[in-house]
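Accompanying notes for the structure given below.
The values are calculated or read from the model by the stated rules, or taken from the named source; none is laboratory data. Predicted model only: the values in this text are computed from it and were never measured. Quick reminder, even Gly has a Cβ in these numbers, built from the backbone with ideal geometry, and neighbours come from all protein chains shown. Note: areas computed on protein heavy atoms with side chains; ligands, DNA, RNA excluded. Shrake-Rupley method; radii C 1.70, N 1.55, O 1.52, S 1.80 Å.
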Amino acid sequence: ALRVLTRRELGAYQETIPRLIGELCGCLFPADGRQPAAKMAGPIMYICHEDEYRETDADIEMAIPITGSVNLDGTGIEVRTLPGGRFVSVLYTGPYPGVGKAYERLFAYMGEHGLAPAGPSRELYLNNPCEVPEEELLTEVQYPVQDLPPSA
């Protein structure tokens with residue numbers, strides 16, 4: 001299980017993801033320079049609640065693992081616990097638009113090993129696009145899984 005600062009809403013990926021990341025980071029790194037009680041405890045992640053890609057009105061949830069307490073009054077941001085469990089994952093290197101290749105590999109692996117999705121996937125952004133070239137971006141894609149039931 002993982003305790004996260006999170007915000008979820010419908011929108012277009014290109015606009016909503018950067019804005020939500022900014023809002024979440026604003027709770028952890030206040031503009032006024034004061035030191036918040038909560039600390040970032042892992043990479044920024046996108047939690048995919050969609051079964052297929054949607055250009056608009058996508059169900060987008062951004063999250064940052066945290067430790068400590070945080071004041072969220074009136075922000076629309078929540079603290080919640082993501083469930084733990086059994087996951088398959090793959091590390092993708094390259095520009096974000098190509099991350100679909102990682103999903104293809106995960107689904108192929110699940111099919112080869114009798115596994116089925118058991119919840120929404122997660123994309124963990126392991127480095128910063130402001131600090132590395134696109135071709136060096138690292139994204140870990142995780143999928144919670146369960147064994148497929150035996151066929152009758």
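Of note:
- Residue among G22, G42 that alone is closer than 19 Å to C130 by Cα, small (G, A, S) and loosely packed, with under 12 Cβ neighbours inside 10 Å: G22
- Among the candidates A152, A108, residue that is modelled with pLDDT of 95 or more, over 24 Å from A12 (Cβ atoms) and over 14 Å from the mean Cα position of the chain (by Cα): A108
- Residue in region 66-79 that is open to solvent by 40 Å² or more (accessible area, probe 1.4 Å), under 16 Å from the mean Cα position of the chain (by Cα) and over 27 Å from E134 (Cα atoms) present: yes
- Check on Y103, more than 25 Å from Q14 (Cα to Cα) and of a type in the set (S, T, Y): no
- Among the residues of region 5-25, the ones that are touching a residue at least 40 places away in the same chain (Cβ under 8 Å), within 12 Å of A38 (Cα to Cα) and out of contact with any helix residue (DSSP H, G or I) (no Cβ under 9 Å at 6 or more places or on another chain) come to 1 in all.
- Among residues of region 49-64, those that are touching a residue at least 60 places away in the same chain (Cβ under 8 Å) and either basic (K, R) or buried (at least 18 other Cβ atoms within 10 Å of the Cβ) (or both), counted: 1
- Selection count, region 1-19, where residues are small (G, A, S) and open to solvent by 40 Å² or more (accessible area, probe 1.4 Å): 1
- Whichever residue in region 84-96 is among the small types (G, A, S) and in a loop (DSSP other than H, G, I, E, B) and, among such residues, is modelled with the highest pLDDT: G94
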